[in-house]
1. Kindly provide the set of residues from the stretch 349-376 that are in contact with a helix residue (DSSP H, G or I) (Cβ under 7 Å, 6 or more places away or on another chain) and under 15 Å from LEU477 (Cα atoms), ordered by number.
2. Hey, any hits in the stretch 569-581 for a residue that's aromatic (Phe, Trp, Tyr), modelled with pLDDT of 85 or more, under 13 Å from the mean Cα position of the chain (by Cα) and open to solvent by less than 20 Å² (accessible area, probe 1.4 Å)?
3. Here are VAL252, VAL240: which of them is out of contact with any Pro (no Cβ under 8 Å at 6 or more places or on another chain), surrounded by 15 or more Cβ atoms within 10 Å (Cβ to Cβ), in contact (Cβ under 8 Å) with a residue 12 or more places away in the chain and at negative phi?
4. Which of the residues that make up the stretch 289-319 are surrounded by fewer than 17 Cβ atoms within 10 Å (Cβ to Cβ) and touching a His at 6+ places or on another chain (Cβ under 6 Å)?
5. Mind telling me which of the residues LYS138, LYS216, LYS131 ends up being among the charged types (D, E, K, R), open to solvent by 60 Å² or more (accessible area, probe 1.4 Å) and part of a loop (DSSP other than H, G, I, E, B)?
6. Do you know which residues across the stretch 231-258 are assigned to a loop (DSSP other than H, G, I, E, B) and under 30 Å from SER163 (Cα atoms)?
7. Residue check, GLN516 against (1) under 30 Å from VAL96 (Cβ atoms); (2) outside any helix (DSSP H, G or I); (3) among the polar types (S, T, N, Q), all met but one. Which one?
8. Quick one: in the stretch 355-388, which of the residues that are open to solvent by less than 20 Å² (accessible area, probe 1.4 Å) and not polar (S, T, N, Q) is farthest from GLU200 (Cα to Cα)?
Amino acid sequence: MGVCCSGLSGDMAGGKQGVGGTQQRPTTAQNNHGHNDAVDFFFRSRGLHALFTQIELSLSASKLLDRDITSKSDPMTVVYAKKRDGTLEEIGRTEVIMNNLNPAWIEKISIAYQFEFVQPLVFQVYDVDTKYHNVPVKMLKLNDQEFLGEASCTLSEIVTKPSRTLIINLHNKNRLGVPRNLGTLSVHAEETVASKSAVEIAFRCSHVENVDMFSKSDPFLSISRIVESGGPVPICKTEVLSNDLNPIWRPVTLSMQQFGNKDNPLIIECFDFNSSGNHVLIGKIQRSVGDLEKLHQGRSGANFVMPSGHHGREKVLKSQLFVDKFIEKEQYSFLDYISSGFELNFMVAVDFTASNGNPRNPDSLHYIDPSGRLNSYQQAFMEVGEVIQFYDSDRRFPAWGFGGRTVDGIISHCFNLNGSANGFEVEGVEGIMAAYANALHNVSLAGPTLFSQVINTAAQIAGQSTSHDRSKYFVLLIITDGVLTDLQETKDALVRASDLPLSILIVGVGGADFTQMEILDADKGHRLESSTGRVATRDIVQFVPMREVQRGQISVVQALLEELPGQFLSYMRCRDIKPLNVHIAQTAT
């Protein structure tokens, strides 16, 4: 199956995913900094050109300060636009790269370049504390991280350079005191290509050199594009495969925006992963996308080479790179699908276990405040529901409870929230709120906390839709306070559901230990595995603890829905499901 390049999550920087890979996510407009399809369409429909050029910034740094005692810093860059009044407005953040003082980030920063305005930019580099490596980068509180340095320039300074690359010195925020050498930041600008063309490529290697002392190499590929200045810009990384000298990686998808054109040279490097961040180069190859296509057609391999110290010569290695799959395809955006009539169908499941506390007591997580102040459950319903309901035309939502003793005296792990024996749908977010408040009067809190039944019920609904309507995608919101009793059964249910048009958003409320939920959210690069050894085809879970949201002043929506467009696209692309208007156009021709 195809994955958005890379199979590693940039938001999570612990363990083997910390090589600095990132999942491609559909970018959303942030004021005038990001490209807005709707605005662009408005101009084009009137025969006008948009008044800006969309630019992507690639960032790298060298000789950063080392703030960590036992290892190297784990750097991340935050980019701001400086407004006329001097205030800073955040545009975007890179991923975190583990143990690296010379990082080259893959996550690009999107900004609209307007030649008629001066657009001052500020870049701040932070060392992210290890304890926050499970937190999505957008939710990181910068005050909790170590400041490594700041640099500033204008966007026009970057784009007017012949190489479109500007190197700037990092300094302290206030520039007071003795100036210190905090390293440099390199910013490279490229114009965004509107083309939807992409290639899906499956790589494998043979006879990878073993550079580990007590086990086999843990190889991953890093792919960089050579830009006009002659320097490489990293665009993609594969996942790390443990103890494997003949690795077969999951396919990666490269957009034309990443590789430029079929003749543009790419550098493909094979590294042995080290948790210290000192990944060992095993070999490298320079090939264009066109060359990779020829390797696939000829079913032949290309030998890796290793730079040698003798007069710039290269040593040809025994290890070879093969291309098992090469498919050219159109890559449609989330907006392409939604605007053509695809829908997100919202479902909700609520935790009624006793650990929530007696709903009549003000310290209960289920306490409904007479003053109208929302509890964490209500807050999650409102915030997520208000966004998703606009993608769901009939606004009829399946709603369940679990872990409660219903009016018939039976403890149920999937009961209809509205109390009805046969209908589990409620009308709109208001319907969820009313059914929830009513259930608190009629359902006794019990236990234990089991997810598998609710997930299986949602999966059954999603599965039934695939036979007659491929334009529906389902989103199950689970709100819970507890530690799971059926972790393996839940994993089994999620692995089965990973083949279906379904995403699961989990909000953790209260102060429980949510380590298990982080296991279900496969952001750490390790896909879920069932009890029979089957691995999930894709990551469908996103988990957020409410306490992080409340501490960081970030909405549940932003935290939860950040990965949803990517999960939606991974399902549609794996099954080659195209937007509805594309089918119509192809049928007509």
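1. Of all residues in the stretch 349-376, those in contact with a helix residue (DSSP H, G or I) (Cβ under 7 Å, 6 or more places away or on another chain) come to 349-350, 359, 364-366, 368, 374, 376.
Within the stretch 349-376, ALA349, VAL350, SER376 qualify.
2. We begin by selecting, within the stretch 569-581, every residue aromatic (Phe, Trp, Tyr); these are 571.
Now drop any that are not modelled with pLDDT of 85 or more, which leaves 571.
Okay, now just the ones that are also under 13 Å from the mean Cα position of the chain (by Cα), so none.
No, because not a single residue in the stretch 569-581 is aromatic (Phe, Trp, Tyr), modelled with pLDDT of 85 or more, under 13 Å from the mean Cα position of the chain (by Cα) and open to solvent by less than 20 Å² (accessible area, probe 1.4 Å).
3. Values: VAL240 fails: out of contact with any Pro (no Cβ under 8 Å at 6 or more places or on another chain).
From the options VAL252, VAL240, the qualifying one is VAL252.
4. Result: LYS318, single match.
5. Values: LYS138 fails: part of a loop (DSSP other than H, G, I, E, B); LYS131 fails: part of a loop (DSSP other than H, G, I, E, B).
It is LYS216.
6. As a first pass, look at the stretch 231-258 and keep what is assigned to a loop (DSSP other than H, G, I, E, B): 231, 238-247, 249-251.
GLY231, THR238 - these are the residues of the stretch 231-258 that are assigned to a loop (DSSP other than H, G, I, E, B) and under 30 Å from SER163 (Cα atoms).
7. (2)
8. This residue is HIS366.
The values are calculated or read from the model by the stated rules, or taken from the named source; none is laboratory data. These figures come from a predicted structure and were not determined experimentally. Ideal geometry is used to build each Cβ from the backbone, glycine not excepted, and the neighbour counts take in all protein chains shown. We work out accessible area using only protein heavy atoms, side chains counted, and drop any ligands, DNA or RNA first. Shrake-Rupley method; radii C 1.70, N 1.55, O 1.52, S 1.80 Å.
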